[in-house]
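In what follows, a single structure is set out as structure tokens and then discussed.
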Amino acid sequence: MIDSTSGARAELEQARREQELTDLVVASFGLTGDARLRQVLQSATRHLHAFIREVRLTEGEWNNGIQFLTEAGHITDEHRQEFILLSDVFGASMQTIAVNNRAHGNATEATVFGPFHTEDAPYIEFGGDIAGGAVGEPCWVEGTVTDLEGSPIGGARIEVWEADADGYYDVQYNDERVAGRAWFETDADGRYAFWGVTPTPYPIPHDGPVGRMLERAGRSPYRAAHLHFMVTAKEMRTLVTHIFVEGDPQLEIGDSVFGVKDSLIKRFERQSAQTPTPDGRDLAGGTWSRSKFDIMLAPAS
Ligand code: BEZ
Ligand code: FE
């Protein structure tokens, strides 16, 4: 009886000391002049301390964590951003996108930006080819851009980018190629169309600490097959999104960065080599696919 009472007292004293430290650190940020920064720093402190206390973090584990972050820093350079990958595989990138792209009527859902967008994509005309030599089965993609009432938005700027059938973006090759990306504008009726390659699943860079973490966790580094879009139009909220491929087995296994939304899964209809192409393009006897993606933009405000 005496033992259990003193045990309970020790527990209370332990909890008091832990809480006292949390309160002290929170208070240390109390004079931060920028109110928003103060809120972020104090909240980060509370959550970090709660995590350490909840899992009863050992000193060895703390060391492993520091080592992990150090390795993430070392592998990061102008082409490789391990911290963004870390944010992605924890769903932190997608949660930030969810918080900042509130549901708005039938507006097309946003998803993760990813590290492979570039500013120097070439311009193509209506029905042009973004492949630029990227290997893969040709794929015709068409659709419209409208507001939430369904009124067409002409002159909307659309940027698209995708990996080739070997699972690589152009910027991942050690040469100067520009392939699998382009920008174009909707016509006066809000319509767009282009040729790309049928998207295939590919892994996020997984030869660093984030890849090792996924392996330890038994998680796949693969992303579900997708095609990236960024759509900008006057007075409308910029949309960064992808379309995914209905029937892709990776959708069942899981997308490594949690980017999939049901509304973004589209049919990519396989076409035989004999099926005429929409624009009469000669595909030299190869199969192709086609997909349709109608985009609804929310107002900017
Ligand atoms: C991508 O879709 O390109 C991507 C997104 C997150 C991490 C790595 C790649
Ligand atoms: Fe991607």
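The values are calculated or read from the model by the stated rules, or taken from the named source; none is laboratory data. Every value quoted in this text rests on a predicted model; they were computed, and no experiment measured them. Note that we place each Cβ from the backbone using ideal geometry, even for glycine, and neighbour counts take in every protein chain shown. The area values use the complete protein model at the heavy-atom level, side chains included, leaving out ligands, DNA and RNA. Shrake-Rupley method; radii C 1.70, N 1.55, O 1.52, S 1.80 Å.
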Where does region 67-162 land on Rg/Rh, using Cα atoms and the Kirkwood Rh? 1.04
Return the sequence-ordered ³J(HN,Hα) values of region 143-148 in whole Hz as given by the Karplus equation 6.51 cos²θ - 1.76 cosθ + 1.60 applied to θ = phi - 60°, using x for Gly and Pro. x, 10, 10, 9, 8, 6
Total charge of the residues flanking residue 189 in space, meaning their Cβ is under 13 Å from its Cβ, with Lys and Arg +1 and Asp and Glu -1, is -3
Between residue 83 and residue 24, what is 0.36 nm times their sequence separation minus the Cα-Cα distance? Round to one decimal in nm. 18.4 nm
Calc'd 3J(HN,Hα), region 105-119, phi into Karplus 6.51 cos²θ - 1.76 cosθ + 1.60 (θ = phi - 60°), Hz, glycine/Pro = x, comes to x, 9, 4, 4, 6, 8, 8, 5, 6, x, x, 10, 6, 10, 8
Considering amide H positions built from the backbone, and no H for Pro or chain starts, which residues 5 or more places from residue 197, or on another chain, come under 5 Å of its amide H? 139
Kirkwood Rh, the chain, all Cα pairs: how many Å? 22.3
Are there GluC sites (Glu not before Pro) in region 206-249 that DSSP marks as loop and that have at most 11 other Cβ atoms within 10 Å, and which are they? 235
In deg cm²/dmol and to the nearest 500, what is the mean residue ellipticity at 222 nm of the chain if only DSSP H runs of at least 4 residues count, each as -39500 (n - 2.57), divided by the residue total? -10000 deg cm²/dmol
Would you please name the trypsin sites (Lys or Arg not before Pro) within region 149-216 that are DSSP coil residues with at most 16 other C-beta atoms within 10 Å of their C-beta? 177
For region 232-275, with every protein chain kept in place, what is the accessible area per residue (1.4 Å probe, Å²)? 57
Given R₀ = 25 Å, FRET efficiency for residue 99-residue 39 by Cβ-Cβ distance, to 0.05? 0.95
For residue 197, what accessible surface area do you get with a 1.4 Å probe? Give it in Å², rounded to 10. 10
Lysines whose Cα lies under 21 Å from that of residue 292, excluding same-chain neighbours fewer than 8 positions away: 261, 266
J(HN,Hα) series, region 241-247, from Karplus relation 6.51 cos²θ - 1.76 cosθ + 1.60, nearest Hz, glycine and proline x: 8, 9, 10, 10, 9, 3, x
Which FRET efficiency, nearest 0.05, do residue 284 and residue 142 yield, Cβ-Cβ r, R0 35 Å? 0.95
What is the spin-label model distance, in nm, from residue 187 to residue 219 if the labels are put 7 Å beyond Cα along the C-beta direction? 4.4
Determine the gain in length on full extension of the stretch residue 172-residue 300; use 0.36 nm per residue of separation and subtract their C-alpha separation, reporting nm with one decimal. 42.7 nm
Residue-normalised accessible area of region 69-139, expressed per residue, 1.4 Å probe, Å²: 58
Percent relative contact order for region 171-299, counting Cα pairs under 8 Å at least six residues apart, stands at 19
For the chain, what % of the accessible area comes from carbon and sulfur atoms, probe 1.4 Å? 54
